[in-house]
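The values are calculated or read from the model by the stated rules, or taken from the named source; none is laboratory data. This is a predicted model, so every value here is computed, not measured. Positions of Cβ are generated from backbone atoms using ideal geometry, with glycine treated the same way; all protein chains shown enter the neighbour counts.
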């Protein structure tokens, strides 16, 4: 018979050893990577204390007081955090000392430190929608930057905006294509595609305080997509997409006035199948398009096709089955004309079953809109298309910020704004609203997710399930909010 005593001893040792092994994760990314590269450099850090240890702060402060050479800028914040400047080697020594707390008399199997974080610079950032979906937190905690992931944007083209220069986001090879006949996938005369792409990826920041900051136009668009008259300018020192390092492929399917054909979209979807060799290249590095964003569509008319079975929906589902994530805007038909009154006036109201094609596609991730900062307060945007689908399926799938979203200025929208500024000034970023702006938040979030959870590349249906199971419930009607608000941190922590 096996020795039960020996078995218990082995179990006790293995658990304690497991605790010590877990402490290898004491120093969070990206701090640990930076320390390995430059161990002699000073780092400003935040030590998150273990709140289950009554004297955690005193223990840590005492330990830091004994460090040679002396720690710099030592301070604390209540009973939760200690702030200090240490060299990389000192931080590694602190982690080693932490392991020595295990097994000490009276300490049990816990120590006073929970995690060690880098004290990052805080930039003035007006794109608060990134914080709403916790993209900034995911970038700091998981290095979820979209690196190594390629996303196609089916839209009005993408300008070579400064926003895409830092990380070289625009794929300039043969993948980017124009299907409108205008000839250049990297010319956006309308301005919609560049704005959408800037939400997904890219980054811009002022190189010095003396350099003129980008001008952001604090305005929106009316229901007819005309620029509103009240234009206010403010300086912008930093702005980033949800997945700053993701590669972007421009598939131009809307022309200079924002109009396109379903056939152009179908050709673009077919082109993506060719690039991916119908899914066979998805496992190869830098050899495939992993996802697409479609902030476009048209009102579904049941006299044309059965719901979810139009050509564009069929091809979207086919593309998903080949391994590509497809994110689609739900549409802006949630509030519009319902019928004529007895007096012949147009009656306005909220419309159920107003999801646009290709948002009706079964396997697409269909995105509605909410407020950029206060989704719990304001709920689903008035214009956001409501479900269910015409054949009774639950859509949209989830919601993301889509109101007054700041991103790259280009084309007609940029020119219209600049013409309204007196004296005339250059406008680099502007606000737009719509589910067109909500969808790229989800695209960027999935690109960021795949960059650190690469085992899910080529498994879009699993990705969709994970994202929908880890949303935040806004306590709104299911056919309005879908499963809830996009939450990238919750998704990353769930797998």
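Data table
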| item | result |
| --- | --- |
| Some residue of region 440-455 being over 18 Å from the mean Cα position of the chain (by Cα), part of a helix (DSSP H, G or I) and free of Cβ contacts under 8 Å to residues at least 24 places away in the same chain | yes |
| Region 417-439, residues that are surrounded by fewer than 21 Cβ atoms within 10 Å (Cβ to Cβ), touching a residue at least 24 places away in the same chain (Cβ under 8 Å) and out of contact with any helix residue (DSSP H, G or I) (no Cβ under 8 Å at 6 or more places or on another chain) | 420, 421 |
| Which listed residue is assigned to a helix (DSSP H, G or I) and at pLDDT 80 or above, from 57, 15, 24 | 57 |
| Some residue of region 302-322 being at pLDDT below 95 and at positive phi | yes |
| Qualifying residue in region 73-84 (condition: over 23 Å from residue 139 (Cα atoms), assigned to a strand (DSSP E or B) and modelled with pLDDT under 75) | yes |
| Which numbered condition residue 122 misses (of (1) at pLDDT below 80; (2) surrounded by 15 or more Cβ atoms within 10 Å (Cβ to Cβ)) | (2) |
| Residue 168 being at pLDDT below 95, farther than 20 Å from residue 415 by Cβ and either part of a loop (DSSP other than H, G, I, E, B) or touching a helix residue (DSSP H, G or I) at 6+ places or on another chain (Cβ under 6 Å) (or both) | no |
| Selected residue [touching a helix residue (DSSP H, G or I) at 6+ places or on another chain (Cβ under 9 Å), over 18 Å from residue 448 (Cα atoms), modelled with pLDDT of 85 or more and not in a loop (DSSP other than H, G, I, E, B)] from 292, 248, 272 | 272 |
